[in-house]
Amino acid sequence: MQYTEGEHHRHHRSRGIGILHSNTAKVRSIKARSVPLLSAPVFMSPGDRIHNDDVFDYDVNPYVLVTWSGAPSSKILGYMASRDWVKLADKEVKIYDYMISCKDMVFPWSSDLGKIEEFMAEKVRRGADQGVPEVGGRVGWPDGSWKVGAAIRMRESDKERLEELVKAGIDVVVLDSSQGNSIYQIELIKYIKKMYSDLDVVCGNVLTVSQAQNLIQAGVDGLRVGMGSGSICTTQEVWVGGRGQV
């Protein structure tokens, strides 16, 4: 899917891979998240109270980590889950009254994701999995990171945009054009494959075999098929393609 609105949360809720419009900030935000780690956790102290559910992100981060002072650098004491907070009859109670101790659920930060998954699976077998984020609830790369792509245009200035997007960690770039079989797109495909050989390139749009053939020969990895399908798109009239013409 391709979208320009919304924050990284929309990407997580949508599943699959999202394509952003040349936005390195959102790419960094998405690539910073790993399964099953909480990459942007909320920290609170045992004496704090939670009056509403604004502190929870039910799709991405439904947990609050409890530290001695409420600061990330302070000693970790436990955690609490949104599902436990929702069940509280009295929302004015302090966090320490219902938080879950993490005394036996701490492991070195340097542990790889395989060891983390084994650790969490063992806790499930022992029945001590309350509030533990579910492994496999989302689909990511083997390193736990999300897949994300970005769309750019055929302008010379977009080469600079592409460089920054690659640095931010995109997995695929989409060349955004209603008619992909052009010298501009073909030359850009060759440039990308020369400069970033490991980066997948999706381009288009195409409607005929000859259009697709030219792009495939240029080295493209994927094609967008169909022309002028948007409700306000004039490609079908301008290029006389995409549907039967009167």
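The values are calculated or read from the model by the stated rules, or taken from the named source; none is laboratory data. Predicted, not measured: the structure shown is a model, and the values here were computed from it. We place every Cβ from the backbone using ideal geometry, glycine too, and count neighbours over all the protein chains shown.
Okay, here's what the table says:
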| quantity | calculated |
| --- | --- |
| Cross-chain or 6+ apart pairs with Cβ under 8 Å, region 68-93 first and in a loop (DSSP other than H, G, I, E, B), then basic (Lys, Arg) | Trp68/Lys75; Lys91/Arg49; Glu92/Arg49; Val93/Arg49 |
| Given (1) modelled with pLDDT of 85 or more; (2) touching a helix residue (DSSP H, G or I) at 6+ places or on another chain (Cβ under 9 Å), index of the condition Ala25 fails | (1) |
| Criterion (out of contact with any Leu (no Cβ under 8 Å at 6 or more places or on another chain) and either modelled with pLDDT of 85 or more or more than 24 Å from Ile17 (Cα to Cα) (or both)) met by exactly one of Gly131, Gly149 | Gly131 |
| Top-ranked residue of region 145-160 - restricted to ones that are assigned to a loop (DSSP other than H, G, I, E, B) and among the hydrophobic types (A, V, I, L, M, F, W, C), ranked as farthest from the chain's Cα centre (by Cα) | Met154 |
